[in-house]
Amino acid sequence: MCGRYHFSAELLDEIRDLTEQKDWKLELGVLDRDIHPGDTAPVITGGRGPGRELRACRQKWGYPGPGGKGLVFNARSESVFEKRMFRDSVSQRRAAVPVSWFYEWNKNKEKFTFTKEGSRILFLAGFYGRYEDGEHFVILTTQANASMAPVHSRMPLVLEREQVREWILDSAKTKELLGQEPPQLERDCEYEQQTLF
């Protein structure tokens with residue numbers, strides 16, 4: 001489950017390097033804050049032209065929920081192709097969500113921060129759809145790996161930097177990447193309740 005993450009302005013350099021959009025900072029403005037469902041945030045998608053390039057843009061996090069109630073902001077990687085709401089988007093409009101770190105809470109409501117050692121950026125696999133008010137994205141989740149399991153049973157599907165282009169542009173790799181185990185992450189908590197055995 002992923003319900004909040006942080007985007008730091010320092011990620012703009014990483015995004016420009018990956019997408020080769022050198023002037024994107026002017027388009028985006030200054031952004032350094034926690035992102036919640038319903039917020040507009042940077043994502044990386046495939047270009048709309050004949051070339052097979054990556055582009056950066058801003059989209060709203062979350063699809064409008066069924067019956068117009070709430071937001072659907074996560075989708076399970078294991079069953080995403082079975083859901084009519086997601087099937088076309090994950091087939092044709094994949095995205096990578098650049099984040100500095102993301103948060104998760106355990107059953108004791110303790111907040112943990114997850115980062116990747118040696119990197120200031122994480123890429124979360126996602127996809128997007130088009131609505132009357134613009135493009136909306138959803139983040140994919142998968143079974144928690146060993147670094148996440150003590151906190152929560154689900155985690156975002158984290159891509160390696162070199163997998164971002166494949167994820168977005170190579171449909172033949174989609175199912176393989178959906179089934180991969182994310183890399184191990186660093187976990188930090190300001191206060192973690194200790195249990196005596």
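Some points to look at:
- For region 60-197, the equivalent ellipsoid derived from the Cα gyration tensor has semi-axes of 27, 18, 14 Å, listed largest first.
- For the chain, a simple Cβ point-charge model (Lys and Arg +1, Asp and Glu -1, everything else neutral) yields a dipole of about 720 debye relative to the Cα centre.
- ³J(HN,Hα), Karplus 6.51/-1.76/1.60, whole Hz, each residue of region 60-65, x for Gly, Pro: 8, 7, x, 7, x, x
- Structure remark: mean-square fluctuation, Gaussian network model of the chain, C-alpha springs under 10 Å; the largest value among Ser100, Ser89, Ser79 belongs to Ser79.
- Checked against a 31 Å cut-off, the cross-linked pairs Lys60/Lys116; Lys83/Lys107; Lys60/Lys83; Lys69/Lys116 give Cα-Cα distances beyond that limit for Lys69/Lys116.
- 3J(HN,Hα) couplings calculated from phi for region 138-152 with the Karplus curve 6.51 cos²θ - 1.76 cosθ + 1.60 (θ = phi - 60°) are, in sequence order, 10, 9, 7, 10, 9, 4, 5, 8, 4, 6, 9, 3, x, 9, 8 Hz; Gly and Pro show x.
- Packing rank of 101-109, 133-141, 157-165, where each peptide gets the mean count of other beta carbons within 10 Å, highest leading: 133-141, 157-165, 101-109
- Dipole size of region 112-197 about its Cα centre, with +1 on Lys/Arg Cβ and -1 on Asp/Glu Cβ: approximately 160 debye, rounded to the nearest 20.
- Taking the DSSP beta bridges with both ends in the chain, the antiparallel portion is around 90 percent.
- Accessible surface ranking that places the most exposed of Glu110, Glu132, Glu166, Glu176 first, with a 1.4 angstrom probe: Glu132, Glu176, Glu166, Glu110
- Contact order relative to length of the chain, as percent, for alpha carbon pairs under 8 angstrom and 6 or more apart: 22 percent
- Apolar share of the accessible surface for the chain: 46 percent from carbon plus sulfur atoms, 1.4 Å probe.
- The residues of region 1-156 expose on average 47 square angstrom of accessible surface per residue, using a 1.4 Å probe on protein heavy atoms.
The values are calculated or read from the model by the stated rules, or taken from the named source; none is laboratory data. A quick note: this is a predicted structure, and the numbers were derived from the prediction, not measured. Reconstructed Cβ throughout: ideal geometry from the backbone, glycine too, with neighbour counts over all protein chains shown. For accessibility, only protein heavy atoms count, side chains too; no ligands or nucleic acids. Shrake-Rupley method; radii C 1.70, N 1.55, O 1.52, S 1.80 Å.
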